[in-house]
Amino acid sequence: MAVDTSPAMDPAAGAKGARGRGGRVHKAGTPPPRRIRNALARHWYAWAMVAPVVLVIGLIIGYPLVRGVYLSLTDANEANVERTIGINHIPATYQTVGLDNFRAILEDQVFWDRLSWTVTWTVSCVALTFAIGLGLAVLLNRRFAGRTLYRSLLILPWAVPAFVSVFAWRLLYNEKNGILNKVLHGGGIDAVPWLNDPTMAKVSVIAVNIWLGVPFMLVALLGGLQSIPGELYEAAEMDGASPWQRFRHITLPGLRSVSSTVILLSTIWTFNMFPVIFLLTRGGPGDSTEILVTYAYRLSFVNSPRDFAGASAWGVLILLILMLFAVIYRRSLRKQGEVW
């Protein structure tokens with residue numbers, strides 16, 4: 001009978017040896033720096049491919065973000081920033097003021113008025129865009145003659161640059177020579193001040209944004225519909241389920257993961273939809289269609305003297321609002337069983 005004469009390892013000593021500093025457990029004989037070097041050596045091609053993208057994103061997004069946060073804590077404006085006039089170089093004289101800019105914004109009724117309309121604009125656009133996109137996706141998911149042509153035509157607004165579409169809609173909304181009022185005039189209806197009445201201007205910008213956003217919803221939801229197994233519908237139909245029951249208990253649950261993503265993206269895009277508001281109404285008439293992002297632009301580039309610190313503070317608040325929404329939205333999805 002063979003007897004193992006090798007020295008037994010003390011369990012406590014083995015556990016102690018497996019633990020590094022700080023209580024972290026590492027693979028025996030492989031210190032963390034060496035593991036990192038091994039990972040870099042093994043996946044160097046992937047790191048090389050990712051590095052340019054990370055660098056570009058850092059330059060385009062990272063630096064402006066950090067700079068904006070810094071300026072939001074100062075009193076920088078057009079008169080005290082660093083600038084060069086001819087051969088004269090004038091150094092910056094602005095100073096740090098802490099959270100005074102944020103306190104002034106939150107105490108101003110202008111912010112709450114803009115926020116109220118921005119939320120109304122976002123919820124209206126996202127809800128109507130999702131409903132219309134879902135309806136069209138359900139229709140185009142069926143087989144009928146000319147389905148490919150209809151799909152191409154409905155995606156067309158997405159292919160046209162946003163500013164081109166907005167300028168086209170601006171011509172349609174023209175009170176005197178616009179096509180919409182020409183059609184109404186032919187029916188004996190007076191011209192509608194689409195962009196000159198506060199209420200009609202709000203309706204008009206919402207309609208344009210819906211027209212721009214439906215193709216994205218359509219494509220995403222149509223892809224989600226095509227991923228739902230057809231056997232589920234056949235089994236439900238054999239069990240006597242009505243079309244509404246099949247839609248409610250098969251289609252909607254099958255689209256839950258896609259819907260959660262497109263709603264989040266659409267909310268962020270609509271909340272910051274600068275081109276539609278600025279190019280169509282410039283926030284008017286008056287300030288009835290001004291949203292948060294267009295007002296921040298006005299502070300920084302339109303008003304005189306230009307308030308860089310105030311505009312940056314508005315931008316930081318917009319970022320915080322969207323981050324808060326994303327966190328709450330993610331938690332609500334996780335409570336519903338969605339992993340995201």
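Each row is one residue, and each column tells you yes or no for (1) crowded, with 17+ Cβ neighbours inside 10 Å; (2) at positive phi; (3) in contact with a Phe, Trp or Tyr (Cβ under 9 Å, 6 or more places away or on another chain).
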residue: Gly286; (1), (2), (3): no, yes, no
residue: Ala309; (1), (2), (3): yes, no, yes
residue: Val316; (1), (2), (3): yes, no, yes
residue: Leu320; (1), (2), (3): no, no, no
residue: Leu324; (1), (2), (3): no, no, no
residue: Lys335; (1), (2), (3): no, no, no
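Go through the range 127-149 and give me each residue that's of a type in the set (Gly, Ala, Ser), touching a residue at least 24 places away in the same chain (Cβ under 8 Å) and either more than 20 Å from Tyr233 (Cβ to Cβ) or assigned to a loop (DSSP other than H, G, I, E, B) (or both).
Taking the range 127-149 first, the residues of a type in the set (Gly, Ala, Ser) are 127, 131, 133, 135, 137, 145-146.
Within this subset, residues satisfying the condition of being touching a residue at least 24 places away in the same chain (Cβ under 8 Å) are 133, 137.
Gly133, the sole residue that qualifies.
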For the range 138-146, indicate whether the set of residues that are open to solvent by 70 Å² or more (accessible area, probe 1.4 Å), more than 23 Å from Ile250 (Cα to Cα), at pLDDT below 90 and of a type in the set (A, V, I, L, M, F, W, C) is non-empty. yes
If Leu221 satisfies every condition in (1) under 22 Å from Thr122 (Cβ atoms); (2) free of Cβ contacts under 8 Å to residues at least 60 places away in the same chain but one, which is the exception? (2)
Looking at (1) more than 15 Å from Leu73 (Cα to Cα); (2) open to solvent by less than 20 Å² (accessible area, probe 1.4 Å), which one does Tyr295 not meet, given that it meets all the others? (2)
Hits in the range 34-74 - residues which are under 28 Å from Phe301 (Cα atoms), open to solvent by 60 Å² or more (accessible area, probe 1.4 Å) and hydroxyl-bearing (Ser, Thr, Tyr): Tyr63, Tyr70
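Taking the conditions exactly as written (of a type in the set (Phe, Trp, Tyr), more than 21 Å from the chain's Cα centre (by Cα) and at pLDDT 90 or above), does Phe308 satisfy them or not?
Working: of a type in the set (Phe, Trp, Tyr): yes; more than 21 Å from the chain's Cα centre (by Cα): yes; at pLDDT 90 or above: yes.
Spelling it out, Phe308 is indeed of a type in the set (Phe, Trp, Tyr), more than 21 Å from the chain's Cα centre (by Cα) and at pLDDT 90 or above.
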Here the residues within the range 75-101 that are open to solvent by 90 Å² or more (accessible area, probe 1.4 Å) and under 34 Å from the mean Cα position of the chain (by Cα) are Glu82, Gln95, Thr96, Leu99
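The values are calculated or read from the model by the stated rules, or taken from the named source; none is laboratory data. Keep in mind the model is a prediction, meaning the values are calculated, not measured. Don't worry about glycine lacking a Cβ; one is built from the backbone with ideal geometry, like all the others, and counts go over all protein chains shown. These area figures cover heavy atoms from the full protein model, side chains too; ligands, DNA and RNA do not enter into them. Shrake-Rupley method; radii C 1.70, N 1.55, O 1.52, S 1.80 Å.
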